[in-house]
Amino acid sequence: MKKTVRLVSLMTLCIAVIVLVTGCGGGKDDSILEKKTTALEQNMRAYVYELEEFRGLSDSQIDEYVNTIEEYKKSGKITEDQAKMSEEVVKSWHEIEGELGRFQSYGDFEFDPAGKTYTATQYINYQNREVQLVYTVSKSDFEITGANVEIVYSLGEKMSKAAGNTVMGICIVFVMLVLMCVVIYAFNIISYVQNKLNWKKEEKKFEITGLEFEGEEYEETEVADNKELIAVIAAAIAASTGKSTDDFVVRSIRRRS
């Protein structure tokens, strides 16, 4: 029950951050922008504090929080973009909070007015890692349009991660090339085996187009007129080759001197 109350309070704080910052107006005066920036920094730190209260949530509790946000969205209390932003921040926090260690202090706050939108970044120092909470803010009405929380990686870690991704990509390409070579070689083996089987089948049946004898040459005669001679010759061939007479056909007989 206590966790559920905290889930609701976290969501309420998220809505409050959006409303408080948006409600500062859209003036372009430097003093107004400074007030907005100060309010934004305070609310981002308050949001970080609330996130700290929800360490160790289970996946089911995160799902419960997401369902609560969906109910607020359906009731019209928050917009779809605000609901999506809240869900993304909490899920991102749930993924990284196990690596951080204990909270130590708030770090620098940076506000970048360049570009089409404002970007506010609040750094947080933890025992093991440094984290940054980033808000994207609209210039026209100072409305929060996006939020994200992530670990700050050093240059060496980024280079190491990039090198690991590069090596992984090269390995994947190499493995795919090897598989392609194996498949192509397998096609050659399959073709060879098929040709071998077809050759064995064709070997069983062959034709004799002519026979040669020493002595006087005779004109070629029709098979139908020499049935007895054909039977004798076929029997002799079958006896000498060890094959059945069904495996070959005598087409013609020719004698030569």
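Listed values for region 34-50 are Karplus-derived 3J(HN,Hα) couplings in whole Hz (6.51 cos²θ - 1.76 cosθ + 1.60, θ = phi - 60°), namely 5, 5, 4, 5, 5, 5, 5, 4, 4, 6, 5, 5, 5, 5, 4, 4, 5, and x replaces Gly and Pro.
Across region 112-153, Cα pairs under 8 Å and at least six residues apart give a relative contact order of 33 percent. For region 65-80, backbone phi angles converted through the Karplus equation (6.51, -1.76, 1.60; θ = phi - 60°) give residue-by-residue couplings of 5, 4, 5, 5, 4, 4, 5, 4, 5, 5, 7, x, 6, 9, 7, 5 Hz, Gly and Pro being listed as x.
Taking amide H as placed 1.01 Å from N in the peptide plane, Gly146 has its amide H under 5 Å from the amide H of Thr136, each at least 5 places away in sequence or on another chain. Here the Karplus relation 6.51 cos²θ - 1.76 cosθ + 1.60, evaluated at θ = phi - 60°, turns the backbone of region 186-196 into coupling constants of 5, 4, 5, 5, 4, 4, 5, 5, 4, 5, 5 Hz, with x for every Gly and Pro.
Taking the Cα centre of region 64-175 as reference, the dipole from Cβ charges on Lys and Arg (+1) and Asp and Glu (-1) amounts to some 200 debye.
Among the listed pairs Lys91/Lys139; Lys36/Lys158; Lys77/Lys139; Lys91/Lys158, those whose Cα-Cα separation exceeds 25 Å are Lys91/Lys139; Lys36/Lys158.
None of the figures in this text is laboratory data; all of them are computed from the coordinates on show. All values derive from a computational prediction rather than experimental measurement. FYI the Cβ positions are ideal-geometry reconstructions off the backbone, even for glycines, and counts take in every protein chain you see.
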